[in-house]
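A.B. asks: Let me begin by handing over the structure; questions about it come next.
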Amino acid sequence: MSTPCSTPLLQPIIPAYHVRILADEQLAQFRSAALEILEETGIHCPSETAREIYSDHGAKVNHATQIVRIPPDVVLKAMSMAPRFYTMGARNLEHDIHLDGKALYCATDGCGVETIDFETRKRRPSCKDDIAKMARVADFLPSVGFYWPIVSAQDFRTTAPLHELEAAYNNTVKHIQTETVMDSQMAEYAIEMATVIAGTKENLRQRPPLSSLICTIAPLAQDRDGMEAALVLAREGIPVGFMSMANAGSTGPATIPGLLAIADAEIVAALVLLQMAYPGTPVYH
């Protein structure tokens, strides 16, 4: 049974028709290019913990250069274990997001370091209270499926990620996504908070109220602390996704197809790591 909630029910976007941008042949080319990049060029991985996992599961690891090369068969085996569908839980059952391929969900975007004050209309550093206020706005908007803190808690410095989660949990019943939990110790604390919201460890796995978005480093590199945080979160079944920051003509190829292949390789390498460590853990691209 769900608990009573004054928050309007979610209004996901359910497409009446579908459009395919790329043909099967083009998708096959991108897949082939990403696999070739991972096998021939590889990924720079500064995390010793991650490199050991890659090595134990068939990747070719050079610990001196910190380069990891992953054969295509190893990539495909790991990716085959990733769940196709799963649920991103909310504080209230009625606001769970069921990722079943039938609907699209919009969210807020983050995470800025400055804001325009609601009362003075002056630009200033963002603070925890801003996160709380915007969580209440996002909570009321039925078109917002989950809350990604729009700004950061600049008033709490090193512990800001945890204060951002606390402000979010206390001001919306919707799913929370973090982009600022970026080291293993912080991830452990974030899991404790999420467990309190979920109620039990079992419920945390079935309906995780928290997910994480971690950026890779273009070109073809990973962030040590970010990847180690991802491993901690994945251990408990928290959905973890990755986003490339590749920029055409600077940190990536100037051509769009080349850029997409590089970015895809970065993300897939990270997804592969999590499936190697915790097969079946929920991930997103």
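A.B. asks: Report, in deg cm²/dmol and to the nearest 500, the calculated mean residue ellipticity at 222 nm for the chain, where each DSSP H run with n ≥ 4 adds -39500 (n - 2.57) and the sum is divided by the residue count. Let's see the in-between values first.
C.D. replies: On the way: 9 runs with 108 residues, N = 285.
Calculated mean residue ellipticity at 222 nm is -12000 deg cm²/dmol.
A.B. asks: Also, quick follow-up: Select from the chain the helices, each a whole stretch of DSSP H, whose alpha-carbon atoms run 30 Å or more along the helix axis and whose Kyte-Doolittle mean is at least 0.5; answer none if there are none.
C.D. replies: Taking the DSSP H segments of the chain (at least 30 Å long, mean hydropathy at least 0.5), we get 256-277.
A.B. asks: A further question follows. How high is the FRET efficiency from Asp100 to Thr158, r the C-beta distance, R0 45 Å, rounded to 0.05? Each step should come with its number before you reach the end.
C.D. replies: On the way: r = 39 Å, r/R0 = 0.86.
The calculated FRET efficiency here is 0.70.
A.B. asks: How many percent of DSSP beta bridges within region 84-284 run antiparallel, rounded to 5?
C.D. replies: Values: 7 of 22 bridges.
DSSP beta bridges in region 84-284 are roughly 30 percent antiparallel.
A.B. asks: Now, a different point. So, in the chain, how many Lys pairs have Cα atoms under 21 Å apart, if the pair is 8 or more places apart or on different chains? List each step's numbers first, then the result.
C.D. replies: Values: Lys60/Lys77; Lys102/Lys174; Lys122/Lys133; Lys128/Lys174; Lys133/Lys174; Lys174/Lys201.
Lysine pairs meeting the criterion: 6.
Throughout, read-outs are computed from the coordinates displayed, never taken from laboratory work. Note that this is a predicted model, so its numbers are computed, not measured. Heads up, the Cβs are rebuilt from the backbone with ideal geometry, glycines too, and the neighbour counts pull from every protein chain shown.
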